[in-house]
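Novice: Right, I'll just put the structure down here and ask away after.
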Amino acid sequence: MDICHPHNLNRAYDTERRYGIRVTLPAEDSFARVLGTDWAQLHWFFTEAERDRALADMQRRHDYSRRGDRPTVVFEKIERDSAAAA
């Protein structure tokens, strides 16, 4: 993918992002009927610390959640083999 303004990057774009979070839904979740029971979203980070901060933010109660809302997404820490591509 081409970068429109590479001078705005904080670090090299092609640096491997090794630490990740896999977000999935439980099979019994009603939203899984919309997205499919095999739905997953992957988020990749450069460092373990970045990943852990993002995971803590994802797991917290969000500011605009209604009282009693309980998201049912499942978060799983994952890590790429260092030989894997970014």
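A short reminder: the numbers here are calculations on the coordinates, not readings from a lab. These figures come from a predicted structure and were not determined experimentally. In this analysis, Cβ positions are derived from the backbone assuming ideal geometry, glycine residues included, and neighbour counts consider all displayed protein chains.
Novice: Out of segment 2-81, which chymotrypsin sites (Phe, Trp or Tyr not before Pro) are coil in DSSP terms and have no more than 10 other C-beta atoms within 10 Å?
Specialist: In loop regions of segment 2-81 (DSSP not H, G, I, E or B), the sparsely surrounded chymotrypsin sites (Phe, Trp or Tyr not before Pro) are Tyr64.
Novice: For the chain, find the longest principal axis of its Cα atoms and tell me its angle to the long axis of helix 48-59, 0 to 90°, nearest 10.
Specialist: Helix 48-59 and the main axis of the chain meet at about 30 degrees.
Novice: Taking H as built 1.01 Å from N, whose amide H comes closer than 5 Å to the amide H of Asp29, not counting residues under 5 places away?
Specialist: Under 5 Å from the amide H of Asp29 lies no amide H from a residue far enough along the sequence or on another chain.
Novice: Work out the P(r) tail for the chain: percent of alpha carbon pairs separated by more than 22 Å, whole number.
Specialist: The calculated P(r) of the chain puts 44 percent of pairs beyond 22 Å.
Novice: Would you grab the residues whose amide H sits under 5 Å from the one on Ile78? Only those 5+ places off in sequence or on another chain, please, with H modelled 1.01 Å from N.
Specialist: Sorted by chain and number, the residues that satisfy this are Gly20, Ile21, Arg22.
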